[in-house]
1. Applying the selection to segment 85-140, what residues are outside any loop (DSSP other than H, G, I, E, B), among the hydrophobic types (A, V, I, L, M, F, W, C), touching a residue at least 60 places away in the same chain (Cβ under 8 Å) and crowded, with 23+ Cβ neighbours inside 10 Å?
2. Could you list, in sequence order, the residues of segment 61-83 that are assigned to a loop (DSSP other than H, G, I, E, B), in contact with a Leu (Cβ under 6 Å, 6 or more places away or on another chain) and not polar (S, T, N, Q)?
3. Looking only at segment 271-310, how many residues end up being without any contact (Cβ under 8 Å) to a residue 40 or more places away in the chain and closer than 13 Å to residue 217 by Cα?
4. So how many residues does segment 345-392 have that are at positive phi and assigned to a loop (DSSP other than H, G, I, E, B)?
5. Would you pick out the residues in segment 141-197 that are among the β-branched types (Val, Ile, Thr) and surrounded by fewer than 24 Cβ atoms within 10 Å (Cβ to Cβ)?
6. Only one residue in 700, 682, 689 is in contact with a helix residue (DSSP H, G or I) (Cβ under 6 Å, 6 or more places away or on another chain) and surrounded by 19 or more Cβ atoms within 10 Å (Cβ to Cβ), so which one is that?
7. So, in segment 37-70, how many residues would count as being of a type in the set (Phe, Trp, Tyr) and at pLDDT 95 or above?
8. Across segment 87-121, what is the number of residues that are in contact with a Phe, Trp or Tyr (Cβ under 7 Å, 6 or more places away or on another chain), β-branched (Val, Ile, Thr), at pLDDT 95 or above and more than 19 Å from residue 396 (Cα to Cα)?
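The values are calculated or read from the model by the stated rules, or taken from the named source; none is laboratory data. No experiment lies behind these values; they were computed from the predicted model shown. Cβ atoms come from the backbone with ideal geometry, glycine included; neighbour counts cover every protein chain shown. Just so you know, the surface numbers come from the protein's heavy atoms only, side chains and all, with ligands and any DNA or RNA stripped out. Shrake-Rupley method; radii C 1.70, N 1.55, O 1.52, S 1.80 Å.
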Amino acid sequence: MPIDHFPNSSRYAPYTDATFKQRYFFDSSYYKPGGPVLLYIGGETSGESRFSNLQTGIIQILMEATNGLGVILENRYYGDSYPCNSSTTDELRWLTTEQTIADNAYFAQHATFPGVNATLNAPGTPWILYGGSLAGAQTAYSLKTYGGPAENLLWGGIASSGTTKAKLAYVEWYDPIQKYGPQDCVASINAIVEKIDHVLATGNATAIHKMKAVFGLEALMSNGDFAMTIAFPLGGPMNYPTNTWQELNWNPAYSSDDFWLFCTNVTNLDAPENITQVDYALAQYTDGEPWVGLGVYANYIKQYLIPICDGAPIDSTACFGTQNQTFYADATNSGSRSYLYSTCTESGIYQVARAHGPSLISRALQVNYTQQWCTWAFPPGQYNTIPPTPELWRNNKYGGYNVSADRLAHIDGDQDVWLDLCYHSNDAPKRYSIDPVDAEMHPQLLIAGAGHHWDSYGILNVSAEPQFIRNAHLWEIRTVQKWLRQFDATEGGASVPRLELSSAPRIPTRSRIPSSALSQTSHPWRTPISSIPAIASLRYASTTPSTPPAPDAPLPTALPAAEAPPFNPDTITLDSIDLSTLSDISQIPEKIGYLHEIGLSWWYGPTSMLEWLLEHIHIYSGLPWWASIATTALLLRLATFPLFVRSSDSTARASALGSVTKPIQARMAEMQKANDTPGSMAAWQELNAVKRRGGFSYSAQVAPLVVQGIIGFCGFKLLRSMAALPVPAFRDGGFLWLSDLTLSDPYGIMPIVMGGTVHLLMRYGGESGATNPDVMPPAMKNLMLYAMPGIIIIVMGWQPGALVVWFAATGFFSVCQALLLQRPAARRFFGIAPLYKPTKEETEGGNPLAALMKAYTQSNPPTHREQSGGKNALFMRPNWQAPNLHTKASVGSDRVIDVVPTTKKTAAPSSHRTTSTTTSSTTSNNASDMVPPPKPFAFPASLPGKEYVNDAISTVKGYMEKAKGMAITREEGRRKAAKKQAADVYEKKARERGR
């Protein structure tokens, strides 16, 4: 796009022929040959924040009704469409109304739409513009300049709440609130403001300081800053940290109840006495007359407004102070700075108090209060200097209230705070049409009961909308269809194949309803504000809704028919579009469905369920995001705790079976190396038989790992996406030094905490508390205890704070769980096996049975398999002992597993379960294959270390006997309790029969 469309104008000297990249987004899923192009003017915000107009709003409605192509053009100096790398006074000189509307005309002539097999440039294709608020004025100005018989470039346009009139002081902003707001609330504020102005007028420094202190704002040195701050719930001059009357909307998905909550608070009849007594705090300055309602008003400011500063000094630009000139002079590109420049140079409309009569804001707020920001923000440059006051004529030259052009429609709401700058202003001539032709060429509609460009919002089924909005949308459909028929009758449409339009307006219907269902309501006081200074928190002169359209998914989609291609946004530049940072979503109220509404949609998988849980905890508990994340981690840990109990039991049994299973595993490895498949399979069967006998369960081991892995991955995916979007409240949803959850920990404290939890978790036996790191090989032990935590610290040091909180909380709860499952009392309570404590030789990598087995093998060639009982045979089932098990492994090799308790009285097994495995994997039923019970084992006389082994066996035997005794005692206790319960029931029934 050319930076300068007017090379001969001295206003933009010196002239440049440079261009800049201007973004646009389009939806061709409704388009059919002959359809129009429906251009949505982006206005004073980024293109992404207008996406819902391609999904469910006015552009989608008109696309479906006319088979048109919808496109959003991002205005210059907003979003990513900046001509320069910064916004100094000189670099902003091309930010003017005439340059902006020239962009619209140039775009209509040169735009291309990849994937659409048609040339859709004006004037060969009818271009219909739509804009709301400032963009509505730009739509009207564009049609006035580049439409009609003279230019005949832009075919038609709808200006919704178009602020076409430029004024310096705009006192009428508060008139709809004064007229339509709850009168008890309005009267109370009027009376308090009157008294505030009285005190300010006296100049009594003591009284003024005391008055500010009542609101908790004594730190504000500027009376203007004080007046603006207490006006925020109603709408401060250009600053709106809370939602106001303007943010009311017929569509609950985009509405806010903040204004009604404010009035509910300031008219509370049951306020506590300590609050109502504040009404008398300043009575001495009004001849003893109490300030009725002052206490509840001041309490509202303290409770709901001041906390937004998050501890920042009240008088700083991070809170409510505006007197820092250096702050305003920051030339970084931003939409708020761009809008302030337009306000200061052309449009004006400073919100000020009326000089006389009732007022909802203090008369300390006058033109000079806002004008000072202009002076500070835009010092004179080499080529450009802003005027002392806005040059209003540059906008009013297009017609002001009476701007008119062929096929230019005006639609307004009679309860809009910006109404008196629009076509239907109370100061404009009465609007009515007596000529049908004039009504078709210059249509206009005033919607009773509507606010600021309410017609731009929609749902997927127009017939289900409230009647007054539905009628407005049907009127707009009829109007555009009439214009298209006019185009067909002209030379411009003669060569273009046109679709037949029915005489009755089409009612768009769609089967898919967005996740942000209309029945949902906003959650009070959840609107996040990152900062409140005059520039950083500008809401673009209130012409951008506080709840901008938020998509159900990051990209707009529209699929009315099976053959329609998916939405594929593109631009006329080479810039890639980063849709992960949807702008201006910070004003969407947090409620159930909020995360889905701003684009975090995961269908119905585990990530979606985790999002649902996190969102419900955050909304219903009112906890900040960091606490909500930690609470979610705790609840999930509690939900998976039974899995870890089973795993701990199985792991303890596996550890106790180590001396039995390790020789089998070693033998199986040797057979695998020797390619002895039958022998290896037999060893594998033997190993599984021992584990089953010992109560070991593979599923118990694997289940918690799988579940925890899924939870961890889904948490990573969800929280990383929330931080990347970002969820606005993440910016101040942290704690202490980690206040911004979208950024990494600036001091690395939380990653270190996380690494420490991993170290402790490994040292305390893993999440089940039953894995002893001492039995690991030294290299593996060092890797898990030291290398792994170090890697985690490095990796998580670069991750968003939300992720670190999630994993640190999970790690902390895991350590607590491990410590709990190590306590003998806890293991008795949950009925799980005691922890096995390996011997010193085992911890050093040795096996106390190795020498024994080697010596025995040498003195007794193995016609039978080595006895695999060992010191932990009693430990291998929940009842501590199982019947003997015999197996025959392969032909020519009789191998027996016999698990025998190491007691003095070892009874011969009464039965044997015999399995014969051959190379063909068949089972022999020959009686000769049955293996007799093994002979009692005896140590060789010459075996070294015999005494040591006997001592080890005795120690383990005593430990296992103790464990067995505890289990028996517990079972007896349960039986006694059951008997007592049965007796109590019997006695109760006997008494009832006696009565």
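1. Step one: list which residues in segment 85-140 are outside any loop (DSSP other than H, G, I, E, B), which gives 97-110, 127-132, 134-140.
Okay, now just the ones that are also among the hydrophobic types (A, V, I, L, M, F, W, C), so 101-102, 105, 107-108, 127-129, 134-135, 137, 140.
Pick out the ones that are also touching a residue at least 60 places away in the same chain (Cβ under 8 Å) and you get 102, 107-108, 127-129, 134-135, 137, 140.
Across segment 85-140, the qualifying residues are 108, 127, 128, 129, 134, 135, 137, 140.
2. Looking only at segment 61-83, we keep the residues that are assigned to a loop (DSSP other than H, G, I, E, B), and these are 67-68, 74-77, 79-80, 82-83.
Next, from what is left, pick out any that are in contact with a Leu (Cβ under 6 Å, 6 or more places away or on another chain): 67-68, 77.
Passing the criteria: 68, 77.
3. 3
4. The initial filter retains those residues of segment 345-392 that are at positive phi, namely 348-349, 357.
Okay, now just the ones that are also assigned to a loop (DSSP other than H, G, I, E, B), so 357.
Count: 1.
5. 145, 171, 177, 186, 192, 193
6. Working: 682 fails: in contact with a helix residue (DSSP H, G or I) (Cβ under 6 Å, 6 or more places away or on another chain); 689 fails: in contact with a helix residue (DSSP H, G or I) (Cβ under 6 Å, 6 or more places away or on another chain).
One residue alone meets the criteria, 700.
7. To start, the set of residues in segment 37-70 that are of a type in the set (Phe, Trp, Tyr) comprises 40, 51.
Now restrict to residues that are at pLDDT 95 or above: 40.
Looking only at that region, the number is 1.
8. Residues flagged as in contact with a Phe, Trp or Tyr (Cβ under 7 Å, 6 or more places away or on another chain), β-branched (Val, Ile, Thr), at pLDDT 95 or above and more than 19 Å from residue 396 (Cα to Cα) within segment 87-121 amount to 1.
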